Amino acid sequence: MNSISILRNQVKSHLLEQIQMGELEVGKTINLARLSRTMGISATPIREALSQLEQARIIKAVPNRGFVIFELSKAEAKNLYETISQLELMALENSSFTAEFIQVLRAHQTKLKQANTNAGKLKERFGFHRVLTSRCANIILIQLLDDLKARLLFYEQGVGNHNATFYENINNQNEALIQAIEDNNIPTAALILKMNWMFILEHIENQIEN
């Protein structure tokens, strides 16, 4: 990997971290010159990083403004959640699971149940799914998931008003998913995983409508 690629990835990581922390909001402008000064990185790798984030539909170029975070829409939410669901199903069906892995997955589910803030629950829920797909060796698939989930964070942070009932359902689905994997019943695990994402999508769509 050359130096420009390394710097480009540093810029992407920096911006994605800001998204996760809620410091980059929908409609906010990303100024290339300001970002260059802040990070001490030249414009070329920053442009490459912004171009990749634009391709992932996380940001868009606006004349005379620079790059702006995409606005949210019900139609995009449906496309995002359904696509991520299908990609995770592919990852699940192309993975092999060990007893040690199942214990790691249970540990992440325990962290999710113990998280006591919305931000903490969101972080642990995304962490659970990251671990779930980590046994898939298809690097392109995993990269697609990472890019799409970076965009998904805006929906979760912007309209994801999740109550106790929501997380009770999520926890029950995750427990059933882990049990199906432990039983080596991947078709059932895949069905539960799809139900999980469709449940979240329905919740997000209702939040957007309200």
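The values are calculated or read from the model by the stated rules, or taken from the named source; none is laboratory data. What you see is a predicted model, and the numbers here were worked out from it, not measured in a lab. Quick reminder, even Gly has a Cβ in these numbers, built from the backbone with ideal geometry, and neighbours come from all protein chains shown. In case anyone asks, the SASA skips ligands and DNA or RNA and just uses the protein heavy atoms, side chains included. Shrake-Rupley method; radii C 1.70, N 1.55, O 1.52, S 1.80 Å.
Computed over the alpha-carbon atoms, the stretch 107-210 gives an Rg to Rh ratio of 0.95, Rh here being the Kirkwood radius from the mean inverse distance.
Carbon and sulfur: what percent of the stretch 5-116's accessible surface (1.4 Å probe)?
Working: 2980 of 6170 Å².
The value for the stretch 5-116 is 48 percent carbon and sulfur by accessible area.
Distances longer than 26 Å among the Cα atoms of the chain: what percent of all pairs is that? Pairs farther apart than 26 Å: 39 percent. Ranked by the mean number of other Cβ atoms within 10 Å per residue, highest first, peptides 66-73, 98-105, 175-182 order as 175-182, 66-73, 98-105.
For the chain, the longest principal axis of the C-alpha atoms and the axis of helix 118-132 are separated by about 70°. Computed over the alpha-carbon pairs of the stretch 13-111, the distance histogram in 5 Å steps reads 2, 10, 15, 17, 15, 11, 12, 10, 6, 1, 0 percent, short to long. Whole angstrom only: what separates the Cα centroid of the stretch 1-47 from the Cα centroid of the stretch 131-171? If you average the Cα positions of each part, the centres end up 22 Å apart. So which of Lys78/Lys149; Lys74/Lys123; Lys12/Lys74; Lys28/Lys60 end up more than 20 Å apart, counting from Cα to Cα? Too far apart for the 20 Å limit: Lys74/Lys123; Lys12/Lys74.
Note on surface exposure: Thr29, Thr165 rank Thr165, Thr29 by accessible area, highest first, 1.4 Å probe.
Helical content of the chain, expressed as a calculated mean residue ellipticity at 222 nm, amounts to -24500 deg cm²/dmol (DSSP H runs of 4 or more residues, -39,500 (n - 2.57) each, divided by residue number, nearest 500). Rounded to the nearest 10 degrees, the angle from helix 139-159 to the longest Cα principal axis of the chain is 80 degrees. For the chain, the longest principal axis of the C-alpha atoms and the axis of helix 186-209 are separated by about 50°.
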